[in-house]
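Since the structure comes first, as structure tokens, the remarks are kept for the end.
The values are calculated or read from the model by the stated rules, or taken from the named source; none is laboratory data. Just so it is clear, the model here is predicted, and its values are computed rather than measured. Cβ placement follows ideal geometry from the backbone for every residue including glycine, while neighbour counts extend to all protein chains displayed. Areas reflect the complete protein model, heavy atoms only, side chains present, ligands, DNA and RNA absent. Shrake-Rupley method; radii C 1.70, N 1.55, O 1.52, S 1.80 Å.
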Amino acid sequence: MSRYARAFAEVLAPLVEAPAEELTPLIGAPPRPEMGQLAFPCFGLAKTRRTSPVAIATELVAQLAESTHNVAWIESVSAAGPYVNLHLCAAAVAAEVLPDVLAAGAAFGGSTHGGGRAVTVDYSSPNIAKSFGVHHLRSTVIGHALVGMLRAAGYRPVGINHLGDWGTQFGQLLAIWQDEGDEERLAKEGIDYLLELYVEFNRRKEEKPELQERARECFKSLEQGDAEARRLWALFRATSLREFERVYAMLGIEFDNTAGESFYEDKMPAVVEELESKGLLVESEGATVVDLEPYELGAALIRKADGSTLYLTRDLASAEWRHKTFDFARSLYVVGGAQALHFAQLKKVLELLGRDWHELVEHVPFGLMRFKDRKMSTRKGDIIRLEDVLLRAVKLARETIESGAEEKGRALPPDIDELAHRIGVGAVVFNDLKNRRQRDVVFDWNEVLSFEGETGPYLQYTAARIGSMIEKADAAPSAELHTELLVSEEELAVLLAVDGLPGCLLRALKACEPSIVADTLLDIAARFSTLYARRDADNRRDWQVLTDDPALSAARLGLASAVRTALVNGLGWLGVPVPDRM
RNA sequence: GCUCCCGUAGCUCAGUUGGAUAGAGCACCGGAUUUCUAAUCCGGCGGUCCCAGGUUCGAAUCCUGGCGGGAGCGCCA
């Protein structure tokens, strides 16, 4: 849409005596396609011209009819009340858009906008020693999508899994381990056992408050380098990581950096010293804090009363390290909205330290995942594992393939495992990405396991269908596209939707909002599906690629290929796998 | 108490920067397949855009005040 909104604005500019840049944002789409594809509202001109917007629209249409009668992409202009509506010429749009899309291929939609600048994306970041639950899905898939989108837009994304591998929780684990740690069980049961211990700790501390105290001491000895504590910590970490890797492999995620909080342990003193030397630290109730009360951000805790460090201390050190190491253009933290205050504090302290790059640090918050009927509590070990969700989706996808094959009397695809995997995982991932980040989501199996309507499998299916179309046509889109044969309103709608993808990526990136891409892909697929299923008056399929007219076939194949390219690329950015067929 | 997020069809959600008769999907009802994949398409049903004021030629959108839900506000992360 955008390239034609811009072009429309340029045509209007001399007539309304305003620069095209001011006009472009005013241009929208009429409510119904039969009214055209572009609309210019005349309300704003009414004041200066001292006539009604309706009269202005009529006049502009008359002038436009004269000045644009030989402009190829304009089919017609008409006045509708206070609006100037413009019909685009489908064939002319096709002649401009299709060659662009097909030439760009896998690069279509992307750009060099980022100029190779680094953007760190802190995402997923689960806590060691706890199962990887569905509630980690949000950060994981949003972050992964942002990484894909950044790469497509020409940035150098740095995916960082800031593992929760440090902190008081390890003190708790070590404390309970002293009572009943069992390395054999750990080797055999992995995280499940660690979770069990964690739950046990929380149960026991109710009756034995001194356990909490011991946990604090345990963490302190870990921080001070006690050999046995270190050994166990490394063991817990490695055990957990092994299980996380299974989930990441299923999702096709690889991080550039898995440093984790422990990595910054030796980098904290420098930050604390600098805070001290700049006079930012104050003692308060035994703890060491930065007073952010003047900024209405409360007190930022740097050191506990017992001298051990906190989350914020480590994030200061990590922000510093990331800036030094990657020289980022943006530094994104895909972390739940509940931690908004923490990141506001982080940015403010960086500012007070005189880091001029503090404004490049962005918290990318998202809504909480809640559970329908029950209250889930990790501390009680009540958790839905992400791995189980993915496996169940894959299983359902497989069953769907099987029953489909049976119904249609077809053989099972030889690569059914791979297909089921991509469809199942794709459904779960897309389901999470399609809604705006900030909304809270209620986990619902029915929704997660849905393959119909606005879902990942719908997009995959649309792409797969076109794939087999191309295969059957036994021809790549030819150099001769015969775009002059693409003349219908439905074809125009598809072309404009595809053409909007590059702009959509930049908008989505600016807002760190993958759902904008997801929405656009759904729009492209829906418009194409409408065209694909179009029927004539005799109820016969009206839009076929395989026809006895080679020119018509070439034109339609070109359009279909462009749609497939857009879908495959967009799904790729989002981290939704694309099956070859379905 | 203060702060942040959310509130649009029975359900889940879109809705550019303020623009025309507020749109999708699911569910429900009806229809479409001798022809490139029906995980699809077409039609119908369905609205106090949370409420009340205000700004504006024009408000789901901006402002103010409420209401409802979620979250945060010192030694967890």
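Computed values, structure above
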quantity	calculated
Anisotropy class of chain A from Cα gyration tensor, a/c 1.5 cut	oblate
Heavy-atom SASA rank of A:Cys89, A:Cys504 (probe 1.4 Å, accessible area, largest first)	A:Cys89, A:Cys504
Degrees, to the nearest 10: A:2-16 long Cα axis against longest axis of chain A	60 degrees
Under 5 Å, built H, 5+ apart or other chain: amide partners of A:Arg330	A:Thr120
Cα centre as origin, Lys/Arg/Asp/Glu Cβ charges: the range A:386-574 dipole, Debye	340 debye
Simple Cβ-charge dipole of chain A, Lys/Arg +1 and Asp/Glu -1, about Cα centre, in debye nearest 20	500 debye
Calculated from backbone phi, Karplus (6.51, -1.76, 1.60) coupling profile of the range A:298-313 in Hz, x at Gly/Pro	x, 10, 9, 7, 9, 9, 6, 4, 8, x, 7, 8, 10, 2, 4, 4
Nonlocal amide H pairs with A:Ile74, under 5 Å, H built at 1.01 Å	A:Cys89
Rounded if a/c under 1.5, otherwise prolate or oblate - the range A:2-88, Cα gyration tensor axes	rounded
Rounded to 5, the percent of DSSP beta bridges in chain A classed as antiparallel	55 percent
Karplus-derived HN-Hα couplings along the range A:342-355 (A = 6.51, B = -1.76, C = 1.60, θ = phi - 60°), whole Hz, x at Gly and Pro	4, 6, 5, 5, 4, 5, 5, 5, 4, 5, 5, 7, x, 7
Unit charges at the beta carbon, dipole of the range A:69-187: most positive-side option, A:Ala72, A:Ala175, A:Ala95	A:Ala72
Solvent-accessible area per residue, Å², over the range A:52-127 with all protein chains present [probe radius 1.4 Å]	41 Å²
Cβ charges +1 (Lys, Arg) and -1 (Asp, Glu), total dipole of the range A:2-88, debye	220 debye
Apportionment of accessible area to carbon and sulfur, the range A:386-574, percent (1.4 Å)	48 percent
Interchain or long-range residues, amide H under 5 Å from A:Thr547's placed H	A:Ser553
The range A:147-154 - phi-based ³J(HN,Hα) in whole Hz, Karplus 6.51/-1.76/1.60, Gly and Pro as x	4, x, 5, 4, 4, 4, 8, x
Surface per residue (accessible, 1.4 Å probe) for the range A:374-472, Å²	54 Å²
Degrees, to the nearest 10: A:514-532 long Cα axis against longest axis of chain A	40 degrees
Ranking by accessible area, most exposed first, for A:Ser468, A:Ser515 with a 1.4 Å probe	A:Ser468, A:Ser515
GluC sites (Glu not before Pro), loop per DSSP, at most 10 other Cβ atoms within 10 Å - longest free stretch of chain A	A:18-284
Net length gained if the chain between A:Asp256 and A:Glu34 were fully extended (0.36 nm per residue, minus Cα distance)	75.0 nm
Residue-averaged 222 nm ellipticity for chain A, from DSSP H runs of 4+ at -39500 (n - 2.57), nearest 500	-17500 deg cm²/dmol
Pairs from A:Lys278/A:Lys304; A:Lys278/A:Lys348; A:Lys267/A:Lys304; A:Lys130/A:Lys324; A:Lys267/A:Lys347 whose Cα-Cα separation, in the structure shown, is over 22 Å	A:Lys130/A:Lys324
